[in-house]
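See structure below.
The values are calculated or read from the model by the stated rules, or taken from the named source; none is laboratory data. Computed from a predicted structure; not experimentally measured. Cβ placement follows ideal geometry from the backbone for every residue including glycine, while neighbour counts extend to all protein chains displayed. Each accessible area value is taken on the protein alone, full model and side chains, heavy atoms only, with ligands, DNA and RNA left out. Shrake-Rupley method; radii C 1.70, N 1.55, O 1.52, S 1.80 Å.
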Amino acid sequence: MFYRKNIIAVTGMFLCVFLIVHLSANAILLFPETTARTLYNSYSTTLRESIVIKIVAYLLYLSIIFHVVYAAIVTYKNRRSKKDKYIMNHKHETSSWASQNMGLLGVLILIFIVVHLVNFWARVKLGIGEKVGLDAYGNIDVYEVTYSLFHNIYYVLFYSVLMIPLGFHLHHGLQSAFKTLGFYHKKGLAVLAKISLIYAIIMSIGFAIIPVIVYFK
Amino acid sequence: MKITFKIWRQEGANSEGSLKTYDIDGLTEDMSFLEALDHLNERLVLKGEKVVAFDHDCREGICGQCGVFINGRAHGPHDHMTTCQLHMRSFKDGDIIVVEPYRAGAFPVIKDLVVDRTAFDRIIEQGAYITAKTGTAAEANAILIPKEVADSSMDVAACIGCGACVATCKNASAALFTSAKINHLNKLPQGHPEAHKRVLDMTNQMAIENFGSCTFTAACEVECPAGISISSIAEMNARYIKAKLFE
């Protein structure tokens, strides 16, 4: 029963590191229009052409799949361990809402990831849907894809609002991953709880604010 | 003081149960919760009804028998407390108190509020003991153990095996209990010879008994009468990984 949780923890931590890189790259979108377009497109071209990034990308796909599949198995087994529920249960007095609802939060994030992949990955890498043009330097114009997407208010809302469950999921998930993998130093855990909170706030607000800023550009 | 109890009544392991309402008068604030149940049972006997079955033993907070779920909390509304140490002064005159048995697949209901917690015993049997001969009390002092190690071992040895951790856990995980029993011995030199085997065998039994996985909601450490921290579970995880790698 331990190996499943360990896989969820390791893949989750890898995804946490990925989010830092992803948010840093997305910050390019905050530059003025022309700079942002050139930088963003050349950056994404560099990524697509790098062998290292290709390996990391496959690790990323695998991480998401393993994280989701094993979380689903653990959740299913845990529910079977507690079939009968209490008629009165004041669980909010003993634990955080996020920690009790990681499955629900995870499903919301998964829905986000699927839509996000359809919006970008499917169009740019698989060439499905409307064709993506080139910019002045001959790079695939990913900036244009982003720019037009975030001028649709519904997508802006979708991308921004779903960063709330992401924040809650990361806050509980990051510190729990360390505990699952055996980090048990008490003072260290208290520090880790604070780091997880700061990390979750930066990630959720960071990712949520970019579509809004692009919308008003 | 007057209280309305809504108590889970269930004839046997395989029968259907339901909440039954009992209005009871003549309680006092200095009665313990178990004494209030005794008071109710005395009235039921006089009326010729079947008494409410509930577990209890020492009534001084050290045996871990009196596990019931009171108003949505294991052992009632306070943190780190057994049911026998809960007093009626924690409730108001006219309150409705819902009393349910512990809910976990591994703790099936035997009757009313009594659950079968022998799954814990079977985990204990897998290694919560040492095979080294420790001799007499005087000889025990021959093995020097740093104070902080002895203290941290005592912190988890304080587990009374009440099962509140399982009861409050949304996954019915026995991780806090099992980790306490493992760490208690593995921290000490007397526990070292079987350290790896202890972790692997006891956690294996935990899985066999249909306890869920720990997802660190931390509800258990709030309800634990001994105040054992979930860092104990993280420590068990570390010991498990170490045992897997070096066994």
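Find the centroid of the Cα atoms in region A:163-217 and in region B:72-101, then give the distance between the two in whole Å.
Cα centres, region A:163-217 to region B:72-101: 36 Å.
Run the simple label-point estimate for B:K197 and A:L30 please: 7 Å along Cα→C-beta, distance reported in nm.
Label at B:K197, label at A:L30, 5.9 nm between them.
Compute, for B:C63, the solvent-accessible surface of its heavy atoms (probe 1.4 Å) with the complete set of protein chains present, and express it in square angstrom to the nearest 10.
Surface accessible to solvent at B:C63 totals approximately 40 Å².
Relative to the longest principal axis of chain B, what angle (0 to 90°, nearest 10) does the C-alpha long axis of helix B:175-186 take?
Long axis of B:175-186 versus the principal axis of chain B: about 40 degrees.
Net charge around B:K92, counting only other residues with Cβ within less than 12 Å of its Cβ (Lys, Arg = +1; Asp, Glu = -1)?
So the environment of B:K92 carries a net charge of -1.
On a 0 to 90° scale, report how tilted helix B:231-246 is relative to the longest principal axis of chain B, with both axes built from alpha carbons and the result rounded to the nearest 10.
40 degrees
Only sites in a loop by DSSP and with at most 15 other Cβ atoms within 10 Å count here; which GluC sites (Glu not before Pro) in region A:70-151 make the cut?
Taking region A:70-151 and a limit of 15 other Cβ atoms within 10 Å, the loop GluC sites (Glu not before Pro) found are A:E130.
Using the Kyte-Doolittle scale, which helices in chain A average at least 0.5 and also have C-alpha atoms spread 18 Å or more along the helix axis, with helices defined as whole DSSP H runs?
A:2-26, A:51-81, A:102-116, A:186-215
Compute the signed sum of charges (Lys and Arg +1, Asp and Glu -1) over the other residues within less than 13 Å, Cβ to Cβ, of A:L117.
Result for the local shell: +2.
Pull out a ≥ b ≥ c, the square roots of the eigenvalues of the alpha-carbon gyration tensor of region B:1-71, then state rounded if a/c is under 1.5, prolate if not and a/b is larger than b/c, and oblate in the remaining case.
Working: a/c = 1.67, a/b = 1.08, b/c = 1.56.
It is oblate, given that a/c is not under 1.5 and a/b is not larger than b/c.
Give me a single rounded figure for A:72-83: the average over its residues of other chain Cβ atoms within 10 Å of their Cβ.
Taking the mean over all residues of the peptide, I get 6.
At a probe radius of 1.4 Å, what is the per-residue accessible area of A:H185, in Å² to the nearest 10?
Solvent-accessible area, nearest 10 Å²: 110 Å².
Taking all protein chains as present, what is the carbon and sulfur share of the accessible area of region B:118-246, in % to the nearest whole number, probe 1.4 Å?
58 percent
Roughly what % of DSSP beta bridges within chain B run antiparallel, to the nearest 5?
80 percent
As I understand it, the value is the acute angle between the Cα axis of helix B:195-208 and the longest principal axis of the Cα atoms of chain B; what does it come to in degrees, rounded to 10?
Helix B:195-208 sits roughly 30 degrees off the main axis of chain B.
Please identify, among A:A193, A:A177, A:A122, the residue showing maximal mean-square fluctuation in a Gaussian network model of chain A using a 10 angstrom Cα cutoff.
Fluctuation is largest for A:A122.
Any aspartates and glutamates with Cα under 20 Å of the B:K244 Cα? List them, leaving off those in the same chain fewer than 8 positions away.
Cross-link targets: B:E194, B:D201, B:E235.
Around A:T146, under 15 Å between beta carbons, what's the net of Lys plus Arg minus Asp minus Glu among the other residues?
Net local charge, A:T146 excluded: -1.
Check the straight Cα-Cα distances from A:K83 and name the aspartates and glutamates below 13 Å, setting aside those fewer than 8 residues away within the same chain.
By straight Cα distance, A:K83 reaches no aspartates and glutamates at all.
Among B:18-29, B:140-151, B:180-191, how do they line up from the highest to the lowest mean number of other beta-carbon atoms within 10 Å?
B:180-191, B:18-29, B:140-151
Quick one: pull the percentage of alpha-carbon pairs in region B:68-224 with a separation above 20 Å.
56 percent
A:K131: which lysines have alpha carbons under 30 Å from its alpha carbon, excluding same-chain residues fewer than 8 sequence positions away?
Straight-distance partners of A:K131: A:K54, A:K217.
Among DSSP beta bridges lying fully in region B:3-111, give the percent that are antiparallel, nearest 5.
Rounded to the nearest five, the antiparallel share is 75 percent.
Could you compute the FRET efficiency for A:I55 and A:H92, with r as their C-beta to C-beta distance and R0 at 51 Å, rounded to 0.05?
0.70
For the protein assembly as shown, count the residues as N, evaluate 2.2 N^0.38 Å, and divide the Cα radius of gyration by that value, please.
Ratio of Rg to 2.2 N^0.38 Å for the protein assembly as shown: 1.21.
Between the DSSP loop rule and a limit of at most 15 other Cβ atoms within 10 Å, which chymotrypsin sites (Phe, Trp or Tyr not before Pro) in region A:93-178 are left?
When the chymotrypsin sites (Phe, Trp or Tyr not before Pro) of region A:93-178 are filtered for loop state and at most 15 Cβ neighbours within 10 Å, A:Y137 remain.
I need to check one value: relative contact order of region B:3-111, counting alpha carbon pairs closer than 8 Å and at least 6 residues apart, in percent.
Worked out over region B:3-111, it gives 34 percent.
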